[in-house]
Each structure stands twice: as structure tokens, then as C-alpha cells.
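Take a look at the structure set out below.
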Amino acid sequence: MIALSMWLIGNNEYGFRLPSVLLGTLSILVFYLLLKRVSGDRLLSLIATFLFSFDNLVFVHSRIATLDIFVLFFMILGFYWYFGRKMILSGIAFALSTLCKIGGLYGILAVGVYHVGKALFTKKGDSGQLSLMQRLGELERLVIAYGISFVGLLFVMDRLWVGYPSPIEHITFILNYTRALVAPFPTGIQSYPWQWLLNQVQIPYLKVDVNKIVDSTVVGTYTSIHFNGAMNPLIIYLTLPTILYEAYLYFSRRQDTSLFAITWFAGTYLPFIPMALLWNRIMYLFYFLNTVPSVCIAITSMALDQKPPKIIMGLYLLAVIGMFVMMFPFKAVP
């Protein structure tokens, strides 16, 4: 997609960044529609999407030519079609997410955990209760569509551009390459997954410092541009309490939105912990990008359940905007 944009627009900053901008913007819309479909609550959908829109990691990755926002967009689209019971389209969307970057696998993992969880934790006699085998039967079409579209599209792209003789050899290379990404301990911008919850080991993608010169003498320096990989602190610091509160909401009230937030968080974040502890996998803070939407859901769900005064909620949302502005990449007006 980036190559196509560069072919159409040119090998310049617009050509290689426009697809990220488009999919980052569209992810906001699809995330809102997804939450309306899951929760049926317009206010929850609006506030969670608001938080998602003003997270700095989401914004920065929607401005630079990296693969992560592509993964997240197709992952959200896959969730949207899944809850619309369009299993084939959902499987194709998750395949596109995985084709952008292997981390798209975590999206289909989250769907699988949610799907099975609905069968295991739904009480007998509840509306919409299905057995585990019935649930697995529903998921079958999604998994088949995912497998066929992933392997098929990988084969086509390999034959047209990449050069691998078969998808098996390409997948083997990906797995071997991933397995080799290990280090005894993090260095530089590498980090442990538990550090992400504290917004630690941020990634300075681009920083431009400008010298103030008077009479050929440097009298000061200011930062004009700083694209920094980091989450909005007023969102990320609420991760653990709100996810735990979502668990309470689900097991006390069986809310689908709560189960979805928990499984999205579990599927896209928790696998990194054993990878770090057992295999010393090299990781970076931006791996949390796929998990940010689940945190936005959890924060909103807890806030609406607690029913704080409107002034408190309003002040929190204003503070989120304020922190977003403080971390905004462009520090000076030209």
C-alpha cells in the first residue's frame, strides 16, 4: 500500500506517509462503529473513540510510514465484521492484518478467546447461550477464511514481488527471523512489556532542536519537532485498574463490552510477558499500539458505571486533550 502510494504520488513525504494517515483516520471511524455494534451505547462509543483519537502513540503512528497502524486498522475491521456475524469478511480482515505484520495474529487470538469465553462463562438460561461446540462451529468459517486468504494472498504477493517460491518458505523465514530476535536484557529503545504500562522507554522517532542565534552566538535552543513513541499518560496509567474493573463488571453483570475489552487486552498484550520472561524476546513500546483501544474501552466503561459528576468527566477529557497537546509532535509554529 505504501509502495502504491509512492508510485501514484511520488517518492516523497506525502507518498510514503499518506496511507498511514488514511488508515489511522479510518481506524477512528471503524472503532466507533465497532463499539456501537458491541455495546449499543452511543455515549460509551463516543467517549472511548475520543480517548483513542487523543492517544499520542496512535497519532504518531498515523503520521509515519511504519506498519503498525495498518495492522491495527485491519484488526479493528476484523472485530467489526465479527460482531456483525460476517465471519468470512472478518477472517479476511484478520488475514490482511497479519499480512501487514505478523502481530496481526494477536487479533484473531483475541477473537478466539472472546468466542470461547462467551460459551464458558454464559450461565444456563441466559439469552443467546450456546454450547462450546456450537460456538466453535460458528468460529470455523472465520478460521477457514483467515487461513485461505492469508496463504492465498501471501502466495500471490510472493509470486508477483517478493520472490519466495512458496508461502511455507516465507512463513518459515518469518518464524525463524522472529525466533532470532532475542537479547539477554533490553538495551536502547528495547523494553519489557510491563514497562509499557508505565510509559517507560519511550521511542524518539524524530527530534529537531533549533538553535537561537544572536550576533553569531547561540543564545538558546528549543525543540521544534518531536515525534515521540509514547502513550497519553492519562490513558496508559489507568490500564490495570480499569481492566480489573472490567473483569468485575463482566462476572457480576455479564456485559459483552466488558468481556470484549478483557479479551482484546489479553490477546494483544499478555502473550508478550512469557516471551520476555522465557525467551528474552526483543520488544518495543509501540507493540502496545494494538492494545490501546481495549484500554480506552475499559476506562470509558468504568467511568460510565461509576457515574461521576459531569464536571469531573469533562475535566478528565480536557486533561486528556491537554496532555495530547503537550506531547504533540510539532512544538513550534513555523
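Annotation: amide H of TYR284 within the under-5 Å range of SER191, sequence separation 5 or more or interchain, hydrogens built in the peptide plane. Scoring 256-268, 137-149, 300-312 by mean Cβ neighbours within 10 Å over their residues and listing the highest first yields 256-268, 137-149, 300-312.
Each Lys and Arg Cβ is given +1 and each Asp and Glu Cβ -1; about its Cα centre, segment 2-326 then shows a dipole of about 720 debye. Is segment 146-270 rounded, prolate or oblate when judged by the Cα gyration tensor, a ≥ b ≥ c being the square roots of its eigenvalues, rounded requiring a/c under 1.5 and prolate requiring a/b larger than b/c? Oblate, because a/c is 1.5 or more while a/b does not exceed b/c.
Placing +1 on the Cβ of each Lys and Arg and -1 on the Cβ of each Asp and Glu in segment 2-326, which of LEU160, PHE74, VAL113 has its Cα farthest towards the positive end of the resulting dipole? Selected residue: VAL113. Within a straight-line Cα-Cα reach of under 13 Å, LYS331 can be paired with the following aspartates and glutamates, leaving aside sequence neighbours fewer than 8 residues apart in one chain: ASP209. Taking a ≥ b ≥ c as the square roots of the eigenvalues of the alpha carbon gyration tensor, the chain is oblate, as a/c is not under 1.5 and a/b does not beat b/c.
In this structure, the amide hydrogen of GLY229, modeled 1.01 Å from its nitrogen in the peptide plane, lies closer than 5 angstrom to those of ILE203, TYR205, counting only residues at least 5 positions away or on a different chain. With a length cut of 15 Å (Cα positions projected on each helix's long axis) and a Kyte-Doolittle mean of at least 1.6, go through the chain and give me the DSSP H helices that pass. Helices passing the filter in the chain: 42-53, 68-83, 87-100, 310-326.
For ASP158 and ASN280, the difference between the fully extended length at 0.36 nm per residue and the C-alpha to C-alpha distance is 40.8 nm.
Quick one: of LYS36/LYS207; LYS101/LYS207; LYS101/LYS212; LYS207/LYS307; LYS36/LYS307, which pairs are farther than 31 Å apart, Cα to Cα?
With Cα atoms farther than 31 Å apart: LYS36/LYS207; LYS101/LYS212; LYS207/LYS307.
Only the coordinates and a few stated rules stand behind these numbers; no lab work does. These numbers come from a predicted model, not from an experiment. With ideal geometry, Cβ positions are generated from the backbone for all residues, glycine too; neighbour counts draw on all protein chains shown.
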